[in-house]
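Data block below; observations after.
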Amino acid sequence: MHELGVVFHIIDDVTEAGKENGLTSIASVTVRLGTVSGVIPEYLENCWKWAVKRTEILKEAELIIEPIEAVTFCEDCNAEYDTVKYGRICPACCSPNTYLLRGNEFLIEEIAGF
Ligand SMILES: [Zn+2]
């Protein structure tokens, strides 16, 4: 499962950062997740609950997900539009010459200790 790999990646990063900052237990981890990043928030939360129980430092840690809405830019008419709704074809001029401006992100935003 893709989400489980993502969770292990977060746990590794947070454990490392926690040690560097002298934290013995983490209260919450905030991640920013693009809506077309391919990671499903519900799956991520389920994997999180399962995986953190098996760690020391993150046992009580809550996962906070901040979504980043996906936006696509059209090179032909300079429109910016909702990627989830319209996909790769510009709804203003029907051009396929578009690229994703944001929405593919996956970032650890904040780590809070107790
Ligand atoms: Zn367009």
| said: So Gly87 passes all but one of these: (1) free of Cβ contacts under 8 Å to residues at least 60 places away in the same chain; (2) more than 16 Å from the ligand (Cβ to nearest atom). Which condition number does it fail? | reply: (2)
| query | Taking Phe73 and the conditions (1) among the aromatic types (Phe, Trp, Tyr); (2) in contact with an Asp or Glu (Cβ under 7 Å, 6 or more places away or on another chain); (3) within 16 Å of the ligand (Cβ to nearest atom); (4) open to solvent by 100 Å² or more (accessible area, probe 1.4 Å), which numbered condition does it fall short on, given that it satisfies the others? | reply | (4)
| Does Thr30 meet the test of being within 24 Å of Thr15 (Cβ to Cβ), open to solvent by less than 100 Å² (accessible area, probe 1.4 Å), away from the ligand (no atom under 16 Å from the Cβ) and polar (S, T, N, Q)? | yes
| task | Could you tell me which numbered condition Pro91 fails, if it satisfies all but one of (1) over 18 Å from Leu4 (Cα atoms); (2) within 20 Å of the chain's Cα centre (by Cα)? | result | (2)
| query | Hey, Phe114 hits all of (1) away from the ligand (no atom under 16 Å from the Cβ); (2) surrounded by 14 or more Cβ atoms within 10 Å (Cβ to Cβ); (3) aromatic (Phe, Trp, Tyr) but one; which does it fall short on? | reply | (2)
| Residue check: is Cys94 out of contact with any His (no Cβ under 9 Å at 6 or more places or on another chain) and open to solvent by less than 70 Å² (accessible area, probe 1.4 Å)? | no
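The values are calculated or read from the model by the stated rules, or taken from the named source; none is laboratory data. Worth saying up front: this structure is predicted, and the values here are computed from it rather than measured. Cβ sites come from the backbone with ideal geometry, for glycine too, and all protein chains shown count toward neighbours. When the accessible area is computed, the model is the full protein with side chains, heavy atoms only, and any ligands, DNA or RNA have been set aside. Shrake-Rupley method; radii C 1.70, N 1.55, O 1.52, S 1.80 Å.
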